[in-house]
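Right, one structure below, let's go through it.
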Amino acid sequence: MRKVVYSLALALLCLGCTNTKCPQDALMGHEAEIDAIIAQMTLEEKVQMLHSKTIMSSEGVPRLGIQDIKYADGPFGVREEVGDGFRPLGWQMDSATYFPTGSALAATWSPELAYSYGNGIGQEARRRGKDVMLGPAINIQRLPVGGRSYEYLSEDPFLSARLAVGYVKGMQDAGTAACIKHFALNNQETNRGSVNVIADERTMREIYLKPFEAAVREGGAMCVMPAYNKVNGDYCSENEHLLNEILRGEWGFKGMTVSDWGGTHSTMGAALHGLDVQMTGDNYLGRPVIDSIATGALSETVVDAKVREILRLRFAISPVPEDEANTVLASQPETRAIAKTVAEKSIVLLQNNGILPLSPDVKKIAVIGRNAEALTASGGMGAGVKTPYEITPLAGIRNRAPEGVEVTYAPAYKNYLGMFARWFGQELGPDVALELDEQPDPAMLAEAVSLAREADVVLYFCGTNKNIESEGSDRTDIKLPVGQNQIAAALADANANLVTVVISGGPCELEAVTECSAALLQGWWNGLEGGTALAEVLFGDIAPSGKLPFSMPFKLQDSPAYALHNFPPEEEVEEDLFGARYRRDIVGNRRPRLPRYKQTSEYTEGLLVGYRWFDTKFIPVLYPFGYGLSYVDFEYGDIKVSADQFGIDDDIKVSFTVRNCGKMDAEEVAQLYVGRPDAQVEWPAKELKAFSRIALKPGQSRKVTLAVPVSELCYWDVEKNAWSLEAGRLDIMVGSSSKDIRLNSFVTIK
Ligand code: BGC
């Protein structure tokens, strides 16, 4: 086994930034003008640019005709106009398309769709007069319970990276800057405002930083949002290693950084260690900057460098003229169509005994479960969208059901409004559950069972809601809430034709519903046309083609951070900045307090996140990463690799055929994983390195070629502080999921 260490220059070459134009160059076309502007600016004018002007803008240079920068959340649609404290301003023209949320987008496994999705949001942002969208959110889904898993893409860095690049390019091609967030290692919401994430350099580089690196280097992201948390001792908004050494130094980032809202922590730290704009407030990057310069503690050149980075973005993104913004509704038919296509390709069929697609003989359908009619566009704190409409699953089914088919409905379980409802004294009616593990209400259950008994087919909608999965907190477990398992069992007793649809953003424990359902689907929070897309799948207008972007363990305790007791953290009694101060800013209320947790989060599972853990440790999962069935079978064959031996500059080209053995149009996502059987360096058993979505007519066979750049096989050599390539045997596994490997080959890395 030989190790070859590659210098940074070579690594850069491998990542395609030398021969072709570097995407970050899009920010570099106006340096002379920027010099001239900075030369004319007073120190006060410069410092005005380094902090918020309003909750969603920062100052330009009015005297010199440079417009303010206008931001909007992100990441799955343009958020409505908000004022101080995030209070909606009640505008008429600020409805925007609710796109499927992050994990749903990721389930398409389509960088092309991610491009369209980013482009659609980018177009809508311009109609709203926005320069910077606060998205995509591309942190790794480290914890099944993660409150923001639904915003994030995947547990896998390669899938996240490919989608992030598509999203960012699409958005920026529409003329809106993408602000990738939350940089970095913001993988838990529990004490996110203060937690110190302890991760080794290799784990950071290969898992957590990968999507950000790709979004910057390949996607050309113009804006980066440092996260709330600390990484290895320093807050992300003043983290020299993350912001100056890696982001700017190694990745060549030329754009601006803007702290997460309330995530700036000091003047000198932020000023010297990489933050350009404090959001929100000016207590650190306002007057204190001027004072620090006056005392000689800080040099004005530091401020000039920040102003330069902000102006680069300002010049790269043309401001929307005041009289053009908000003149038409942001959400238009073309952008809604993108949301619908993403929804259609995101739905994951987890099991099917042949009951789906629904037969034309079905004349009476019982739709059961509150999630069939729950609205999902808003809630979950920051990321909601004021959508012009939302087709719920129930509406989608009613719209699509053929003439003469009767659709009945019963909610079956109570609504869970979460801790906020109780804290703020929200009216809690009889149909509100007070606890997540509440037993089913006997009357509601009886109503549901009686509809189920009378129907030909039962479509049961279970899952979470945005009070359960939300920014600001993590779930305490991933069990189906409010008695949904018991309800599933009762429905199955009443009618064996039970089709269960899970409506959630993150994974749930599904063993019980798997056992009693004839078919099971993951239906996501799927945008304003989500119900339409789901009905198309149920009635067989299209075949399901989504693949899980995360593993679904049998139980939470099997997952790596839990198994190693890295999460949940122990409770302590220290102050948490987010809970203690920022929360008050949002809700104008001091009373509610989150529990205080241990302030470090150790990532001792290292590289073994998601399926990397389950596969390496031989821990069975209920549904593996990359899994998803269709209404047809696919046959894989004829694997060929372009050579036997490969060096650092080569691409390993793997070709094979995929055939649609069924009777309808269908799409398959073929996945390529690698393994290193005789490695000296520790590697996960299997890692995704390429994939492709393939559309096939009935009976059609196509040759697919996937390329793996050998440079993508490097590991971060901690001793050398550089990327290294380990020579030796590389196993190549091609299949339909991380567990369903259909073809094997191997090559040698020189
Ligand atoms: C979230 C960010 C969001 C910002 C502005 C923060 O609480 O973490 O994702 O962009 O608020 O709404």
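The values are calculated or read from the model by the stated rules, or taken from the named source; none is laboratory data. Keep in mind that this is a model prediction, so the values were computed, not measured. Quick reminder, even Gly has a Cβ in these numbers, built from the backbone with ideal geometry, and neighbours come from all protein chains shown. Surface areas here come from the heavy atoms of the whole protein model, side chains and all, with no ligands, DNA or RNA. Shrake-Rupley method; radii C 1.70, N 1.55, O 1.52, S 1.80 Å.
Mind listing P(r) for the chain? All alpha-carbon pairs, 20 Å bins, whole percents. Taking every Cα pair in the chain, the percentages come to 17, 51, 28, 3, 0. Ligands, DNA and RNA left out, the accessible area of segment 592-672 computed with a 1.4 Å probe is 49% carbon and sulfur. Solvent-accessible area assigned to carbon and sulfur over segment 187-254 amounts to 45 percent, based on a 1.4 Å probe.
A 1.4 Å probe run over the protein chains yields, for segment 41-187, 22 Å² of accessible area per residue, whole-number rounding.
Going through segment 284-371, which GluC sites (Glu not before Pro) have at most 16 other Cβ atoms within 10 Å and a DSSP loop state? Loop-located and lightly packed - 322, 324.
Centre-to-centre, using Cα atoms only, segment 188-259 and segment 479-534 are separated by 37 Å. Magnitude of the charge dipole for the chain, about its Cα centre and with charges confined to Cβ atoms of Lys, Arg (+1) and Asp, Glu (-1), is about 740 debye.
Surface composition of segment 330-419: carbon and sulfur atoms hold 51% of the protein heavy-atom accessible area at a 1.4 Å probe.
Pairs from the table (653/689; 617/750; 70/466; 46/130; 230/306; 53/386) lying more than 19 angstrom apart at Cα are 617/750; 70/466; 46/130; 230/306; 53/386. Rounded to whole numbers, the Karplus 3J(HN,Hα) couplings from phi for segment 65-80 are x, 8, 6, 4, 9, 10, 10, 8, 6, x, x, 10, x, 7, 5, 4 Hz, using 6.51 cos²θ - 1.76 cosθ + 1.60 with θ = phi - 60°, and x at Gly and Pro.
Taking all protein chains into account, the per residue accessible area for segment 297-364 stands at 42 Å² (1.4 Å probe).
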